[in-house]
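Here's the structure we're looking at; comments come further down.
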Amino acid sequence: MKRLVVVDVNKCVGCQLCMLACSRRFGVVGHNKSAIWVRSAGGFERGFTLVVCRACRDPPCARACPTEALKVRDGGGVILSPSKCTGCGFCRDACDIGAVMWDYEVDKPVICTHCGFCVGYCPHGVLSLEEVV
Amino acid sequence: MDWFKSLSNVLYVDLTRKTFWVESREELFNKWLGGIGVATQLYKEEVPKDADPLSPNNSVIFAVGPLTGVYPLASKTIAVFKSPLNNYFSESHAGGRSALAIRFAGYGAIVIRGASDRPVYLVIEDGKVRFREASVLWGMRSTETVGRILREVTAGPGHRTIMRIGRAGERLVRYASVVTETYRHFGRLGLGAVFGAKKLKAVVVVGRKGFKIPDIPTYRSVYDEIHNLAVKSPAMKKYHDLGTAANVLALNTIKALPTRNFTSGDFEYAEEISGEKLAEAILARRVACAGCPTACVHIAALREPYVEEPYFYKIKFISYDHEPLYALGSNLGIGSREGFLKLLDSVEEEGLDAISTGVILAWTTEAFINGIISEKELLTKISWGDYESYIKIVRNIVTQPNEFYKYMALGVEEVAKRYGGLEYAMAFNKVEPAGYHTGPLFVISLMVGSRHSHLDAGAYSMDQELLAAKKQLPTPQEAIEKIVEEESWRQVLTSIAVCLFARGIYKPELVVKCFKPLMKEVSVEELRKLGREIWVEKQMIKYSEGFNPLEIRVPERVLKTPTPHGLIDEDYVKEALRYFNLIITLSHKLRG
């Protein structure tokens, strides 16, 4: 199994092409379907913070889900079953790094599947898809 | 939501009545695409031809385009307003996160009308506009602090833009800018003063929505094509590696780098403030506008010791570009990198346009040396290269402690009309020029360009291309045709709202292709026709506002300092202006 890794956050220029790529998987232009989040670390003058799912082995988000909508994935991370999800938001609150994003249009979480689509659009070597060891 | 429906939403904000509403303007976006095309039409509806730019009758229009967020390098917001610097229709473009935030908030344009009775800032989020109290922020010394506070008291990090003014805008300095995301600016023509007159300290826009593209597979393939072009293009690599600062040495080599108020094109310390030297010595980080892989924004780290305490330092991050390097560097005889950065930092803190400020400081230096003004007016001494005194003058331009500084706040044309030295007051249509002394085409384009900006037609490149190809100058008529043709195509690029740095990528055929996945049919001919039509629209507005190309003052200085093409011939320039006047008079007659 592979997972998305931030190789060097200092190389990030804040272009957000990764965020746009993530939503583009669904033919959507926007950030609302994105499971990756780039924001400034307190203004552009301080550089950037990248938030990505760490593919936890024992994910707190899955433990917090009251409807079993989040299932633990082999090798870490979770898989979302949207039909079971009630949009309660407990998973989002359970993730301390804020890697459970939110789709405000359908009011449900956006979960990283570690597909690596975003990696192909990072021109600055910030992201990589690596084998879980 | 459908891409076109969400693009066609125009958000109207009335600051006087503190109300807002949304109108669907599909007919406008259908015909004029977006960006400058749509903003020009909105301006026609909004701003009466005799409106005072600093009155509630002026409106501020922000517009994005059909490609905003959809493709790489489409990161620009077009601001249109009546300029308090020269009283004409004008526009200023900026990137940062402004364009994507506006588009993803669900709008194609935002119109801000009226004026507030007390300082406010707007928060545009989730379909609502909140009018928030800004009295506490008003008068704050640094635009950076204002940004820091607004980041903490508003939502949506990563999804928002924070456009704000500094004290310069509040105090109506006619060349005050609007700063966005710390390092990007609606720099030229005084949008900051228009905000200030409206008691509008900042506009925060949070964009959380998205929209669907009809033909997804085609969309992905066109996207990839542009992405690959962008990351492999040598031009974009140049913007990434050294940024626009690469121009400093390039221009100096051909003796076209304006130095000491355009008295020379050759700066002996050009090497010190060159893009190469800055990148080696002081570059700390590059940042990008949202949706652009290039990252052309270059940020220097300035480490300054505190004099009163040993081993105690502050580090400031200051972004530099060619234009500030010319305006606040070579044009003031400043060869110290640190001196330049400190001066630029003070300009940024106050929220002033770096180009206009630099040109005014250059005039001031010459006027002081010539004895036209003394320490009595200036409240300090000044000589070329003295950046510490320049910083004092910058503060005084904002606080305006005497009559002289009240004129300084009006621009170089006004202060020189009052005190003298008009022959070396560098302004075209009252707009201080950008940093190129390349030849006659550039000078002509500054006079006839619809916003009197170096980006109207990029004619500094035309001068340099002629030089490189060892070609003769075109006839004045050909020069005008060339400038107008280029400017007309740029109306298309700024209507779809891509960055002009990407003009080499967004060629006409590619632009046509970009519309395919959006299920909108356009042809190259239609686009070119539209570009020309937008150009005519803009000229007609300016014409009705009293613009007359035959009355434009040509500063003597620009004719007396040799360019790489030799001395500029005044008759050549005048002939070009006569031909230009013929074109717009004819257009006006054809329109009735």
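The values are calculated or read from the model by the stated rules, or taken from the named source; none is laboratory data. Note that this is a predicted model, so its numbers are computed, not measured. Heads up, the Cβs are rebuilt from the backbone with ideal geometry, glycines too, and the neighbour counts pull from every protein chain shown. Note: areas computed on protein heavy atoms with side chains; ligands, DNA, RNA excluded. Shrake-Rupley method; radii C 1.70, N 1.55, O 1.52, S 1.80 Å.
Quick one: is B:Glu225 open to solvent by 10 Å² or more (accessible area, probe 1.4 Å) and more than 29 Å from B:Tyr71 (Cα to Cα)? When the stated conditions are applied, B:Glu225 does not pass them. Report yes if some residue within segment B:82-95 is within 14 Å of chain A (Cβ to nearest Cβ), crowded, with 24+ Cβ neighbours inside 10 Å and outside any strand (DSSP E or B); otherwise report no. Among the residues of segment B:82-95, at least one is within 14 Å of chain A (Cβ to nearest Cβ), crowded, with 24+ Cβ neighbours inside 10 Å and outside any strand (DSSP E or B), which makes the answer yes.
Considering only segment B:309-326, how many residues are in a strand (DSSP E or B) and among the hydrophobic types (A, V, I, L, M, F, W, C)?
The qualifying residues number 3.
Can you pull out every residue in segment A:26-37 that is within 7 Å of chain B (Cβ to nearest Cβ) and surrounded by fewer than 20 Cβ atoms within 10 Å (Cβ to Cβ)? It would help to see each step written out before you state the result.
Step one: of segment A:26-37, the residues within 7 Å of chain B (Cβ to nearest Cβ) are A:27-33, A:37.
A:Gly27 - this is the single residue of segment A:26-37 that is within 7 Å of chain B (Cβ to nearest Cβ) and surrounded by fewer than 20 Cβ atoms within 10 Å (Cβ to Cβ).
Applying the set (1) open to solvent by less than 10 Å² (accessible area, probe 1.4 Å); (2) without any contact (Cβ under 8 Å) to a residue 12 or more places away in the chain to B:Glu45 leaves exactly one unmet item: (1).
Checked against (1) open to solvent by 20 Å² or more (accessible area, probe 1.4 Å); (2) within 30 Å of A:Val106 (Cα to Cα); (3) among the hydrophobic types (A, V, I, L, M, F, W, C), B:Leu54 passes all but condition (2). As for segment B:177-186, it holds at least one residue that is modelled with pLDDT of 95 or more, among the polar types (S, T, N, Q) and in contact with a Ser or Thr (Cβ under 7 Å, 6 or more places away or on another chain).
Looking at segment B:209-258, which of its residues are small (Gly, Ala, Ser) and farther than 17 Å from B:Thr294 by Cα? B:Gly210, B:Ser221, B:Ala250, B:Ala256 - these are the residues of segment B:209-258 that are small (Gly, Ala, Ser) and farther than 17 Å from B:Thr294 by Cα.
Take B:Leu242 and decide whether it is modelled with pLDDT of 95 or more and away from every other protein chain (no Cβ under 14 Å).
Here the answer is yes, as B:Leu242 does meet what is asked.
Hey, any hits in segment B:294-308 for a residue that's at pLDDT below 95, farther than 23 Å from A:Ala21 by Cβ and assigned to a helix (DSSP H, G or I)? Among the residues of segment B:294-308, not one is at pLDDT below 95, farther than 23 Å from A:Ala21 by Cβ and assigned to a helix (DSSP H, G or I), which makes the answer no. Taking A:Arg24, is it in contact with a strand residue (DSSP E or B) (Cβ under 8 Å, 6 or more places away or on another chain), at pLDDT 95 or above and among the basic types (Lys, Arg)? No, not satisfied.
Of the strands (runs of 3 or more DSSP E) entirely within segment B:107-179, those holding at least 1 residues that are within 19 Å of the chain's Cα centre (by Cα) and away from chain A (no Cβ under 14 Å) occupy B:109-113. Mind checking which residues of segment B:196-247 are of a type in the set (D, E, K, R) and closer than 30 Å to B:Ala284 by Cβ? Within segment B:196-247, B:Lys201, B:Lys232, B:Lys237, B:Lys238, B:Asp241 qualify. Checked against (1) within 26 Å of B:Cys499 (Cβ to Cβ); (2) assigned to a strand (DSSP E or B), B:Cys289 passes all but a single condition, namely (2).
Say whether the condition of being among the charged types (D, E, K, R), surrounded by 15 or more Cβ atoms within 10 Å (Cβ to Cβ) and part of a strand (DSSP E or B) is met by at least one residue in segment A:90-104. Yes, segment A:90-104 contains a residue that is among the charged types (D, E, K, R), surrounded by 15 or more Cβ atoms within 10 Å (Cβ to Cβ) and part of a strand (DSSP E or B). The residues in segment B:231-248 that are surrounded by fewer than 21 Cβ atoms within 10 Å (Cβ to Cβ), more than 13 Å from B:Ala279 (Cα to Cα) and touching a residue at least 24 places away in the same chain (Cβ under 8 Å) can be counted, and the count is 3. Here A:Gly87 passes the criteria (1) closer than 30 Å to B:Asp345 by Cβ; (2) outside any helix (DSSP H, G or I); (3) touching a strand residue (DSSP E or B) at 6+ places or on another chain (Cβ under 7 Å); (4) not polar (S, T, N, Q) except the one numbered (1). Filtering A:Thr67, A:Thr49 for residues that are away from chain B (no Cβ under 11 Å) and either hydroxyl-bearing (Ser, Thr, Tyr) or open to solvent by less than 10 Å² (accessible area, probe 1.4 Å) (or both) leaves a single hit, A:Thr67. Taking the criterion of being open to solvent by less than 60 Å² (accessible area, probe 1.4 Å) and within 14 Å of chain A (Cβ to nearest Cβ), the residues of segment B:263-289 that qualify are B:Leu283, B:Ala284, B:Arg285, B:Val287, B:Ala288, B:Cys289. If you check B:Glu181 against the conditions, is it within 30 Å of B:Val415 (Cα to Cα), surrounded by 20 or more Cβ atoms within 10 Å (Cβ to Cβ) and out of contact with any Asp or Glu (no Cβ under 9 Å at 6 or more places or on another chain)? Judged against the criteria, B:Glu181 is not a match.
Selection of segment B:334-352 for residues being of a type outside the set (Ser, Thr, Tyr) and open to solvent by 10 Å² or more (accessible area, probe 1.4 Å) yields B:Gly335, B:Arg337, B:Glu338, B:Lys342, B:Asp345, B:Glu348, B:Glu349.
Tell me whether segment B:70-77 contains one or more residues that are buried (at least 24 other Cβ atoms within 10 Å of the Cβ), under 15 Å from the mean Cα position of the chain (by Cα) and not hydroxyl-bearing (Ser, Thr, Tyr). Checked segment B:70-77: at least one residue is buried (at least 24 other Cβ atoms within 10 Å of the Cβ), under 15 Å from the mean Cα position of the chain (by Cα) and not hydroxyl-bearing (Ser, Thr, Tyr).
All of (1) within 14 Å of chain A (Cβ to nearest Cβ); (2) surrounded by fewer than 21 Cβ atoms within 10 Å (Cβ to Cβ); (3) of a type in the set (Lys, Arg) hold for B:Arg208 with one exception: (2).
Being of a type outside the set (Asp, Glu) and farther than 30 Å from B:Tyr183 by Cβ narrows it down to one of A:Ser81, A:Ser40, A:Ser23, so name that one.
Details: A:Ser40 fails: farther than 30 Å from B:Tyr183 by Cβ; A:Ser23 fails: farther than 30 Å from B:Tyr183 by Cβ.
The conditions single out A:Ser81.
The criterion of being away from chain A (no Cβ under 14 Å) and open to solvent by less than 10 Å² (accessible area, probe 1.4 Å) holds for B:Tyr326. Being at the interface with chain B (Cβ under 9 Å from one of its Cβ atoms), open to solvent by less than 10 Å² (accessible area, probe 1.4 Å) and of a type in the set (S, T, N, Q) is true for just one of A:Ser40, A:Ser23. Which residue is that? Testing whether each residue is at the interface with chain B (Cβ under 9 Å from one of its Cβ atoms), open to solvent by less than 10 Å² (accessible area, probe 1.4 Å) and of a type in the set (S, T, N, Q) leaves just A:Ser23. Total residues in segment B:417-445 satisfying the condition of being in contact with a Phe, Trp or Tyr (Cβ under 6 Å, 6 or more places away or on another chain), buried (at least 24 other Cβ atoms within 10 Å of the Cβ) and part of a helix (DSSP H, G or I): the figure is 2.
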